[in-house]
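Beneath this line is the structure, given in structure tokens, with notes to follow.
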Amino acid sequence: MAWIQIRLNSTDKKAEKISDYLQEIGAVSVTFVDSQDTPIFEPLPGETRLWGNTDIIALFDAKTDMKQIVNLLKNEGHFSVDSAYKIEQIEDKDWEREWMDNFHPMQFGKRLWICPSWREIPDKNAVNVLLDPGLAFGTGTHPTTALCLEWLDSLDLAGKTVIDFGCGSGILAIAALKLGAKSAVGIDIDPQAITASRNNAEQNGVSERLRLFLSADTPPELKADIVIANILAGPLKELYPVIDSLVKPQGLLGLSGILESQALSVCDTYSQTFFLDPVTEREEWCRITGKLKL
Ligand SMILES: C[S@@+](CC[C@H](N)C(=O)[O-])C[C@H]1O[C@@H](n2cnc3c(N)ncnc32)[C@H](O)[C@@H]1O
């Protein structure tokens, strides 16, 4: 399978914002490379690097209209009309190798680590989730996933049931199971996410405790002690009646994928039936948590 990659240079400060935007407009992965340290990423012809810093490499499906992607980036002010960028067609194996070079174990909260399978596990006594980058969202590198993982790490999940709504790679459900949850359910609209979650659960030895459903096939009476949903503010508001109905009485809710500027309106919606905690922010993104009132 072939992919299209766009590479552009940015200041370190702007890189996260551009990465978030690239993922919003369909990038299946975004990687940062320190442009100072990597001779293979020399400045492109015509590119002046006033601040040195970061190369952003985003991967899109081969059918993507890259002219449209470039126009969207320019319209959003993420780079100027004459900024240098490079678009190239690449093969699966090249992309995988690039990911392997740039993906390292990451710690979330006190107990939890997400570790690529080809790296040494830094702390064998920690709760280690083995997870390799794939085509479904969720490796821990995005602030919204990180916020969710840290929340799960902070909870006592022993014996609890968990629903991961919008499971992507299954990272949150698998982390919850490894942190002690009794069982978990992953739900997604994307069949690729269901496949990725199943494979990742197998790799982590938790597949017997994880059930997976496409949204349309979700059993009607499904409920859990803890529901976590890292989608986006718009869908989270639209899905309020569905997500609300999935939480058991006195159950906990964690929401992410919400920009700071959207937090108030998501809180307005969910405070109808949840006691909400103070909002937690990270790099323009938010996490909203709470407890069902009834
Ligand atoms: C930002 S990713 C989150 C993945 C993972 N849970 C994480 O935290 O990294 C959002 C996921 O929600 C799924 N999604 C979007 N809208 C949905 C909906 N209406 N119902 C179920 N899943 C949805 C997407 O397919 C995607 O896999």
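Odds and ends about this structure:
- Where a residue in segment 226-239 is over 14 Å from S261 (Cβ atoms) and its partner, wherever it lies, is within 8 Å of the ligand (Cβ to nearest atom) and part of a helix (DSSP H, G or I), with Cβ under 8 Å and at least six apart: I228/C148; I228/L172; N230/T144; N230/T145; N230/C148; N230/L172
- Flag for W113 being buried (at least 16 other Cβ atoms within 10 Å of the Cβ), within 24 Å of S19 (Cα to Cα), touching a residue at least 60 places away in the same chain (Cβ under 8 Å) and more than 9 Å from the ligand (Cβ to nearest atom): no
- Residue, nearest to the ligand (Cβ to nearest atom), within segment 145-180, restricted to residues that are crowded, with 24+ Cβ neighbours inside 10 Å and β-branched (V, I, T): T145
- Counted as qualifying within segment 191-290 are no helices (runs of 4 or more DSSP H), as none has 2 or more residues that are of a type in the set (F, W, Y) and within 16 Å of the ligand (Cβ to nearest atom).
- Some residue of segment 76-85 being assigned to a strand (DSSP E or B), surrounded by 15 or more Cβ atoms within 10 Å (Cβ to Cβ), modelled with pLDDT of 80 or more and over 24 Å from the mean Cα position of the chain (by Cα): yes
- Scanning segment 130-142 for residues that are more than 8 Å from the ligand (Cβ to nearest atom) and open to solvent by less than 10 Å² (accessible area, probe 1.4 Å) gives a single hit, L131.
- Residue match in segment 217-230 (condition: charged (D, E, K, R) and either open to solvent by less than 20 Å² (accessible area, probe 1.4 Å) or under 20 Å from T289 (Cβ atoms) (or both)): yes
- Conditions (1) modelled with pLDDT of 85 or more; (2) closer than 25 Å to D188 by Cβ; (3) outside the structural domain of A176 (by TED's automatic domain parsing); number of the one not met by L157: (3)
- Odd one out for A263, checked against (1) without any contact (Cβ under 8 Å) to a residue 24 or more places away in the chain; (2) over 21 Å from C167 (Cβ atoms): (1)
- N204 fulfils the conditions (1) of a type outside the set (V, I, T); (2) touching a helix residue (DSSP H, G or I) at 6+ places or on another chain (Cβ under 6 Å); (3) more than 22 Å from S117 (Cα to Cα) except for a single criterion, (3).
- Taking the listed residues S245, S183, the one that is surrounded by fewer than 20 Cβ atoms within 10 Å (Cβ to Cβ), under 21 Å from V266 (Cβ atoms), of a type in the set (G, A, S) and modelled with pLDDT of 95 or more is S245, with no other qualifying.
- Residue match in segment 197-207 (condition: open to solvent by less than 10 Å² (accessible area, probe 1.4 Å), free of Cβ contacts under 8 Å to residues at least 60 places away in the same chain, in the same structural domain as L232 (by TED's automatic domain parsing) and not aliphatic (A, V, I, L, M)): no
The values are calculated or read from the model by the stated rules, or taken from the named source; none is laboratory data. Only a predicted model underlies this, so the values are computations on that prediction, with no experimental measurement involved. Neighbour counts are summed over all protein chains in view; Cβ atoms, including those assigned to glycine, are modelled from backbone coordinates with ideal geometry. Ligands, DNA and RNA are excluded from the accessible area calculation, which covers all protein heavy atoms including side chains. Shrake-Rupley method; radii C 1.70, N 1.55, O 1.52, S 1.80 Å.
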